[in-house]
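Visitor: I'd like to ask some things about the structure below.
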Amino acid sequence: MKELRNEFLIKDFVVNRNIVKSIGNIDITLDEFLMVLYFINVSYDLDVESIKAYLGFDEEKAVSVFSSLMNKKYIEMDVSNVGGKVIEQICLDPLFDRLVLNKKTEDKSCDIFGMFESELGRTLSSFEYEMINSWISNGVSDEMIRDALKEAILNNVRSFKYIDKIIYDWTRNGVKKRIKEERMQETLFDYDWTSDDE
């Protein structure tokens, strides 16, 4: 048993203390942080098999976490031509810049991805990221996407097809008018009619 415990004392990954001090100031999940550590300590190449071996991720999770890091603009792909051979490597400069500035991501869409992951209790698949990006690129407001997620959660349905249907119906039927009417009713019913105060 002692030999097994000693396996946990081997230092495979090294973390710079400046990263440790400032990582809490940005919006990053544990899985994303582990992948960053992989890139720092093992390889700047996107090698899914190696990531699976080092981090214990399955292929879908590895791709999903990588996509999340790209969407949050924490990493970039550097493409170079060395001796006629195209080489792609991960660049962590955007992450390091953000850590230096101690700022969260400026991109509001990242908040939406984080909200979905938080509400669903899991990381999003690449298909789900694409669906959210398609809503954003089609001009669906962040507020409407958040409200559709809340509506689905209230109905205890965690399906992206259901959320997509809510967004489709709301954009088709003019949700802004319905939301304004609901808010007017809420303020009307929240009024304390029994109080003599005016």
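Every number here is computed from the coordinates shown, using simple stated rules; none is lab data. The model shown is predicted, which means the values in this text are computed figures rather than measured ones. Cβ sites come from the backbone with ideal geometry, for glycine too, and all protein chains shown count toward neighbours.
Visitor: Suppose R0 equals 30 Å; then what is the FRET efficiency for V79 and N25 from their Cβ-Cβ distance, rounded to the nearest 0.05? Don't skip to the end; give the middle numbers.
Guide: Numbers: r = 30 Å, r/R0 = 1.00.
The calculated FRET efficiency here is 0.50.
Visitor: Given K11/K52; K61/K161; K61/K85, which pairs have Cα atoms separated by over 26 Å? Write down the numbers at each step before the final one.
Guide: On the way: K11/K52 18 Å; K61/K161 21 Å; K61/K85 29 Å.
Cα-Cα > 26 Å for K61/K85; rest within.
Visitor: Does region 1-104 come out rounded, prolate or oblate by the C-alpha gyration tensor, with a ≥ b ≥ c the root eigenvalues, rounded set by a/c under 1.5 and, if not, prolate when a/b is larger than b/c and oblate if not? Display every interim value, and only then the final one.
Guide: Values: a/c = 1.75, a/b = 1.19, b/c = 1.47.
Oblate is the answer for region 1-104, as a/c is 1.5 or above yet b/c matches or exceeds a/b.
Visitor: Among L4, L46, L95, which comes first, then next, by fewest other beta-carbon atoms within 10 Å? It would help to have the intermediate numbers written out before the result.
Guide: Working: L4 7, L46 17, L95 25.
Ranking L4, L46, L95 by Cβ neighbours within 10 Å, fewest first, gives L4, L46, L95.
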